[in-house]
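Note sheet for the following structure.
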Amino acid sequence: MITFYRRVYLFFYENYISYSAVSIILSTMIGSIAIMLTLMNGDDFFQIIQIFLSVMICSSVNTSVLTVQHPKLVLNLFIASLIINTIIISINLDI
């Protein structure tokens, strides 16, 4: 049985060029929302750490696509970006 991750990876691998562009756009959009919400809650040390994490993971996704890394690395970084930025958004929305 093929797992959900394996199906997503195969789908991403087959259309790597188009989905790598989509991953840059989505990662950057979600990251910018996370940073905006973080800055709306203040600028103390905890918010600066959140901004650092968001910028770091979004930059990693963009760098991996622009340097034409293996699709599995790009997909893993993209998934990590979505998870980390969603957690940051949830923290700042008090969900």
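Key figures for this structure:
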| item | result |
| --- | --- |
| Degrees separating the helix 16-40 axis from the principal Cα axis of the chain, which is the longest one | 10 |
| Size-normalised alpha-carbon gyration radius of the chain, reference 2.2 N^0.38 Å | 1.16 |
| Degrees separating the helix 4-14 axis from the principal Cα axis of the chain, which is the longest one | 70 |
| Distance in nm between pseudo-label sites at residue 40 and residue 80 (7 Å out along the Cβ direction from Cα) | 2.8 |
| Peptides ranked, highest mean first, by Cβ atoms within 10 Å: ranges 24-30, 71-77 | 71-77, 24-30 |
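Laboratory data are not the source of any read-out in this text; all were calculated from the coordinates shown. Keep in mind that this is a model prediction, so the values were computed, not measured. A quick note on method: Cβ atoms are made from the backbone with ideal geometry, for glycine too, and the neighbour counts reach across all protein chains shown.
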